[in-house]
Each structure stands twice: as C-alpha cells, then as structure tokens.
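Report on the following structure.
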Amino acid sequence: MRACSAHEWLSRIRALDLPPKVKILNVCGGHERSISAAGLRAALPPAIELIPGPGCPVCICPEEDVYDAMQLALRERVTVLAFGDMLRVPVNVPKREPRSLEQAKAAGADIRPIASPVEAVRIAESEPGRPIVFFAAGFETTTAPVAAMLAEGVPDNLFVLLSGRLTWPAVALLLDSGNPGFDALVAPGHVATVMGPEQWEFVPERHAMPAAIAGFRPDTLLAATYSVLRQFLDGRPRLENCYPEVVRPGGNMRARDMLSKVMNVVDANWRGIGVIPNSGFVLAEGYAAHDARLALPSYRNEARKRMGEMPPGCDCARVVLGKLYPDQCRLYGLACTPRTPIGPCMVSDEGACRIWWASGKRNNERAARGHETTV
C-alpha cells in the first residue's frame, strides 16, 4: 500500500461508496487513545463506527491476581512492584478494607510503581535481604521483556507474580460467538511487531472478515481503515500490513524465543469475561524458583474468581468486548470518574473509559436517553 498523508487517506475514505453502517473494531488501547486524541471519529464519514476493543491489559487483569498482590504486600514482609496503572485498579472487598494496591500502600504496605523490568532487578539487587515481588500484568509487548529479564538471570530474592495475556484469543472469542458486533478489524501493530502479523491471519481465513495492522499515527490508522473498508466493499477479506516499517513477517524472533523459553501458554481468566482458552502466560518449570505463586504464600481462592463480574453496576466487561461504548456504561461520568474509578476501564491510560473522558466526552449517554443503547 502506497504511503499517504492522513489528509490523503481521509479523502480516499470519503470517496468510497459506503453502506449506511460499517463497524470496525480497533483492538489496541493505544489505537483508541490515538483515535480519540486526533479526533478521527469526527473526521470520518458518519457511516463508519470505530469500536474500542479488548486491548487494555489493566482492564482484564483478573481480580484474584490484584487481590493476591495486595495481600502479599499487606501480610508478608515483601515489597511488591507493579506498573503504575495497576496501583489504582479496584477489587471487590468490604469498604473497611483496602480496595487497590494504592490503598494498600497507604495502609502501610511496601508497594512501589515501576516502569520496566530493569527497575525490578535494580531494586532486588539493592535490597538482597528482602523478597521483591514483581506483579507483571500485560500483553505480549510487556510480557516479552519480563521473559527476557528472567532468561538473562535475576537475583535470588526477585519473584514474578505473572498475569500476562495474549491479545488474539479475545478477538477469537468474539468471532467464534457468531455475533461479534463488528464488520472489520484493525489489529495492534506493536503486538504484531513482537509476535508477527501471521497471528492475525485467522480473522480473514477462518471468519472471512477484513483485517489490517496499524501503528499509532493517524496516517497508519487511516490507512488501515481504508484497507478494511475496501476489502469490505470488494468482498475480498485478507490481512494487510499497514505498518510495514515496524511489523515484519515472523515478528521479533528473539522476543518470541524468550517467551517460548521462559513461559508456557495456558487457559486463563480475564476479568469480567471468564476463562479464554490458550490466552495466558505462566512461568515454565525451569523458572519455578522465581514464581511468586510457588515460592510465596498464596491468597488466591475460588471465591475470588468472579467470572463475568465487575464491581456492582460496572459495565467494563461489555466495554472491553466492544458491546457498549464507554459513555453507555451505567456508571460512566456519574459514580465512575478518573478521580473515583469504579471499574478498571476508568483507571488505565489504555482503558476506553479513561480515554474517552480525557478526550472531553463526559456525559452519560444512557442516562441522557433514559434507556440502554448498545454498539
């Protein structure tokens, strides 16, 4: 596909003979942030609906994992490290108890935000007499550096509480349902950079749905939008790489080798959604000495595995699955705001609710209309 400016792609899209409605799911939270920041929804023809999808790792991190990290920090003499967004994710507990890592920290637990695995190693090296637990939640792009960290060797006192997920199985879940709620897919460029574009070929091959891989700039997002629209109109679905300067066949082989060496893929729970087959990472047997779940007391139990449940009234799960727009959640802009987040989608910078709020969309559409509307 020839490189064009964002303005040229918009002109091409506007020239298409579109049907009354075409719904395009963008998987990546970073895509949603770029779409909202650039005002692409307002610039595109009204027939095109861009639907935010499941690309927020903080949003789908299971409650039992967050709770486990909190309890380790509160009850054991350990330091818990986590990426910054994770600190404010709420869990379902009685009001008298801390309901997030941030509140557990305020209650006296040693919990510290970090930005990379390198910081985790440095902290463990500087405090050799104290167990350091790295609560590592994220998709492939975040999990690969964790795998590399372990493969290169870490201090004996560093343990990983892993909550890594693969991106594509959530999309497969929607497509296999028979009622995905969208007509085309824009796949995440940075995940494809690591895992290879081939990971997304199942979309056109198994489901006859147009698909394109995009980066974060408006021009590449619009190129991918144009691609899937042309595929849709021509009735010739395929996978097109609209981010070729970064995404190459086969992906990053070193990163994939690290993931394969250090981790295994298993069925895994997604918060508010349930167990998705072959969607989670766990540490391989050779790294069991650094697995926090094996080396330290566990506070996980079946009662905390609340399949399909978010906090009362919260519709984050339906937002993550592209079934509701953020402002159609019952709590959006009312009880749930960035200052007082009820659900994880209002916490993370990659959560659709937080992104929409930051872009200036503050009204609750459901409350304004007096009834529920769906994507």
If you scan the stretch 196-235, which residues turn out to be more than 18 Å from Pro46 (Cα to Cα) and hydrophobic (A, V, I, L, M, F, W, C)? Trp200, Phe202, Val203, Ala208, Met209, Ala211, Ala212, Ile213, Ala214, Phe216
Restricted to the stretch 261-288 and to residues being more than 18 Å from Gln199 (Cα to Cα) and either without any contact (Cβ under 8 Å) to a residue 40 or more places away in the chain or among the aromatic types (Phe, Trp, Tyr) (or both), the residue most open to solvent (accessible area, probe 1.4 Å) is Glu285
Within the stretch 245-253, can one find any residue that is crowded, with 19+ Cβ neighbours inside 10 Å and in contact with a Cys (Cβ under 8 Å, 6 or more places away or on another chain)? no
Inside the stretch 260-296, the number of residues satisfying the requirement of being of a type outside the set (S, T, N, Q), farther than 19 Å from Ile60 by Cα and in a strand (DSSP E or B) is 3
Scanning the stretch 9-37 for residues that are within 14 Å of Trp356 (Cβ to Cβ) and open to solvent by 40 Å² or more (accessible area, probe 1.4 Å) gives Arg33, Ala37
Take the conditions surrounded by 19 or more Cβ atoms within 10 Å (Cβ to Cβ) and in contact (Cβ under 8 Å) with a residue 40 or more places away in the chain and apply them to Gly181. Does it pass? no
Go through the stretch 62-151 and tell me which strands (runs of 3 or more DSSP E), entirely inside it, have 2 or more residues that are crowded, with 22+ Cβ neighbours inside 10 Å. 79-83, 132-138
Which one of Val194, Val228, Val203 is out of contact with any strand residue (DSSP E or B) (no Cβ under 8 Å at 6 or more places or on another chain) and among the aliphatic types (A, V, I, L, M)? Val194
Looking at (1) closer than 24 Å to Leu18 by Cβ; (2) open to solvent by 10 Å² or more (accessible area, probe 1.4 Å), which is the one condition that is false for Val171? (2)
Considering the stretch 201-229 alone, what residues qualify as being open to solvent by less than 30 Å² (accessible area, probe 1.4 Å) and part of a loop (DSSP other than H, G, I, E, B)? Met209, Pro210, Gly215
Restricting attention to the stretch 8-32, which residues are part of a helix (DSSP H, G or I) and at pLDDT 95 or above? Glu8, Trp9, Leu10, Ser11, Arg12, Ile13, Arg14, His31, Glu32
What is the one condition in (1) at pLDDT below 95; (2) farther than 19 Å from Val89 by Cα that Asp327 does not satisfy? (1)
Checking His190 against (1) in contact (Cβ under 8 Å) with a residue 24 or more places away in the chain; (2) of a type outside the set (Val, Ile, Thr); (3) open to solvent by 30 Å² or more (accessible area, probe 1.4 Å); (4) more than 27 Å from Pro52 (Cα to Cα), which single condition isn't satisfied? (4)
Please work out which residue is surrounded by the most Cβ atoms within 10 Å (Cβ to Cβ), limiting yourself to the stretch 38-59 and to residues that are of a type in the set (A, V, I, L, M) and in contact with a Gly (Cβ under 7 Å, 6 or more places away or on another chain). Val58
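The values are calculated or read from the model by the stated rules, or taken from the named source; none is laboratory data. Keep in mind the model is a prediction, meaning the values are calculated, not measured. Glycine also receives a Cβ, built like all others from the backbone with ideal geometry; neighbour counts cover every protein chain displayed. Note: areas computed on protein heavy atoms with side chains; ligands, DNA, RNA excluded. Shrake-Rupley method; radii C 1.70, N 1.55, O 1.52, S 1.80 Å.
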